[in-house]
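Here is the structure we will look at, set down as structure tokens.
The values are calculated or read from the model by the stated rules, or taken from the named source; none is laboratory data. As the structure is a prediction and not an experimental result, all values here were calculated from the model. Positions of Cβ are generated from backbone atoms using ideal geometry, with glycine treated the same way; all protein chains shown enter the neighbour counts. In case anyone asks, the SASA skips ligands and DNA or RNA and just uses the protein heavy atoms, side chains included. Shrake-Rupley method; radii C 1.70, N 1.55, O 1.52, S 1.80 Å.
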Amino acid sequence: MRMITTEVLVVGGGTGGTAAAIQAARQGAKTVLVSEFPWLGGMLTSAGVPAPDGHELAAFQTGLWGAFLQALRQRQPEGLDHAWVSFFTYDPRVGAQIFRDWAAALPNLQWIVDSAPRAVLREGDRVVGVEFEGLTVRSQITLDGTELGDLLALGDIPHRWGWEWRSQWQEPSAPEEPISLSDLYSVQAPTWITILQDFGEGAIAPEIPAPPNYSAHGFDGTWDYWGPEKFLDYGRLPGDRFMLNWPFRGNDYGIGLDRLIESPTARSQFYQEARWYTQGFAHYLQSQLGRRYSLAEIFPALPNSLGGGGYALHPYFRESRRLQGLATVREQDILPLPEGQVAPLPFDDSGRSSAIALGNYANDHHYPGYDLRLQPKSIRWGGRWTGTPFALPYGCLVPAAVDGLLVCEKNIAVSHIANGATRLQPAVLSLGQAAGMAAALCVQAGCQPRDLPVASLQEALLTDPVAPVAIAPLFNLLPDHPEWLRWQRHYLANPDTYPATGYAPIAEGKPPEIQRAIAPAQSTTGQFQRLGPQEYQLSTPDQTWQLVTLWADLDRQLAEYPDQQPATVWGHRNLAGPWIVVEALSAPGS
């Protein structure tokens, strides 16, 4: 048995685990990252979701998430404006290479591939390492970055799986008692994603065979509301490729979800069924759309793997085992304040905020054939809908009863209901960055995670020299702004003063949040129309464009621009929208 001793061990190379390992190593900790797959990034890469949701506003593009977007823009010449489900779609191979390069640049980060955890080593109430096949890694701090919270089960660490009823936390959207939906789906349904390729008019692409026990019945009507072109544009990627992660009579799979945590054999059976179900969906689409479409050869072929080629390396999981932590994120913690646009900042007994990461996605649950009605947490902003932002507390990363461990994936201490907003890729990347920073700081201080002062973690994240992180959501401030750090520190120290608007009171006439590069953007002149509050169009002789923006100053300019007047906008066109992401706006000739 090979033995490695390290300061920080991260198990799982998914979105959160990758971020945690990179951040811990950048902070100086000797770090070992052990992953099952040769691609780092999880949801963002190996699970085949190169269309991330949330954190799209410029003020929230910070930390490793913002650095990832910047790297994508530099490496993908086609840009990121392709689909209508996300503002950022890309070739997952590009994303995987970014994470690989970041990891390779860190000499104190050792990455071990093709290993899954077998056992968790404990000394009393403290985790001291993990066993893999032929390998034992002992560590000062261990992080569970697995897709399904496997270390929680292997280490007998208290956790939850499934629904909670309203009596537990008084969540407004939680059922009073078990219902048919909760009986059928114990957690949200995962999806085994595939990527389709358009080989062009007249092409006869390879046939996608029907899987065993195939039936088209479950897919009939999949695009009835949208039409086939709009359906494909949902997840359009560069290179005439299409991500198939479709929730409406699509490839979400939720039969026998408890098998995911019963045994390795039961989990493998679920995997095979989910993979076949997606193969059936792809076969159905080819039969309807024609042989110009077939699977894209994107993912590496692995021995004894159900993924590879056009299929993601593993399922896209939306829910996991969930830690019982020092703090639990509930639905009311992510809902906006009355008459406000943001959730309140979490705080501890000292009165200081305990926030260490932010999210802003609308609460989104996936159950095939069901639509769970949840409390609204969205606003119109920048000409479109976006989720109201919220902050996540440090305690959701820390076990209530065990030392030596942090979590950094969808396995945080969160309720089943609130998981629908915390599970998205940018939020998990930010949670991973916070967990990795916390682990490194614990090593430096010689303390356990529960004893780490949250203020020191917040300061380290805010002032990180490579990828500083916004923790308190503020629509109108970015790290480039001279007042950004001041207001981040102020609201974290005084959460009771955090404004329900989510806007810091910066003086008028201050410089814009960031100097945007207008040169690559395309100019369009037409007639500006205000269809309603936060709903704008620009009409040209050839096209009518929806106008949207991700910038606070332009959100204000669009709201104040005179209706039915000529306007020139500079921005990036997204034909799937069809919209223009506005980066500058003026009257013609001004």
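Calculated from DSSP H runs of 4 or more alone, at -39500 (n - 2.57) each and per residue, what is the 222 nm mean residue ellipticity of the chain, nearest 500?
So the helix-based figure for the chain works out to -7000 deg cm²/dmol.
Using alpha-carbon positions, what is the distance between the centroids of region 1-59 and region 317-350, in Å?
Region 1-59 and region 317-350 have Cα centres spaced 23 Å from each other.
Percent of accessible area on region 317-398 owned by carbon and sulfur, 1.4 Å probe? Show your work: numbers first, answer last.
Numbers: 1460 of 3000 Å².
The value for region 317-398 is 49 percent carbon and sulfur by accessible area.
So how far apart, in nm, are the two label points at Arg126 and Gln448 if each is 7 Å from Cα heading toward Cβ?
Calculated label separation equals 0.8 nm.
Given axes a ≥ b ≥ c from the Cα gyration tensor, I'd like to know whether region 521-590 is rounded (a/c under 1.5), prolate (a/b larger than b/c) or oblate.
Because its axes are fairly even, with a/c under 1.5, region 521-590 counts as rounded.
Evaluate the relative contact order of the chain (contact order divided by residue number), counting alpha-carbon pairs under 8 angstrom at least 6 apart; express in whole percent.
18 percent
How much of the accessible area of region 443-484, in percent, comes from carbon and sulfur atoms when a 1.4 Å probe is used?
Reported share for carbon and sulfur atoms: 55 percent.
Projecting each Cα onto the charge dipole of the chain (Lys/Arg +1, Asp/Glu -1 at the beta carbon, about the Cα centre), which of Leu585, Ala216, Gly124 comes out farthest on the positive side?
It is Gly124, whose Cα lies furthest towards the positive end.
Keeping the other protein chains in place, figure out the carbon and sulfur percent of the accessible area of region 1-86, with a 1.4 Å probe.
So the carbon and sulfur contribution to the accessible surface is 46 percent.
Take Asp258 and Leu289, extend 7 Å from each Cα along the Cα→Cβ direction, and tell me the distance between the two endpoints in nm.
According to this spin-label approximation, the distance is 3.7 nm.
Let's test the formula: R0 of 41 Å, r as the Cβ-Cβ distance of Leu184 and Ala400. What FRET efficiency results, to the nearest 0.05?
0.85
I want the local charge near Ile417. Using Cβ-Cβ distances under 10 Å, sum +1 for each Lys or Arg and -1 for each Asp or Glu among the other residues.
That works out to -1.
Assuming R0 = 25 Å, can you tell me the calculated FRET efficiency for the pair Ala455 and Arg138, based on Cβ-Cβ distance, to the nearest 0.05?
Values: r = 30 Å, r/R0 = 1.20.
Working from the Cβ atoms, E equals 0.25.
In nm, give the distance between the simple-model label positions of Asn304 and Tyr225, each being 7 Å from the Cα along the Cα-to-Cβ direction.
Once both label points are built, they end up 4.3 nm from each other.
From the square roots a ≥ b ≥ c of the eigenvalues of the alpha-carbon gyration tensor of region 359-476, which class results: rounded (a/c under 1.5), prolate (a/b over b/c), or oblate? Please list the in-between numbers first.
Values: a/c = 2.89, a/b = 1.53, b/c = 1.88.
Note, shape of region 359-476 comes out oblate.
At 1.4 Å probe size, with every protein chain present, just tell me what the per residue accessible area of the chain comes to in Å².
That works out to 38 Å² for each residue.
Quick check on region 119-160: take the gyration tensor over C-alpha atoms, sort the square-rooted eigenvalues as a ≥ b ≥ c, and tell me if it's rounded (a/c under 1.5), prolate or oblate.
oblate
Using a Förster distance of 22 Å, how high is the FRET efficiency between Asn108 and Leu485, based on the Cβ-Cβ distance and rounded to 0.05?
Step by step, r from the Cβ atoms, then E = 0.20.
Per-residue HN-Hα couplings for region 244-253, Karplus 6.51 cos²θ - 1.76 cosθ + 1.60 at θ = phi - 60°, whole Hz, x for Gly and Pro?
After applying 6.51 cos²θ - 1.76 cosθ + 1.60, I find 9, 9, 10, x, 9, 6, x, 10, 4, 10 Hz.
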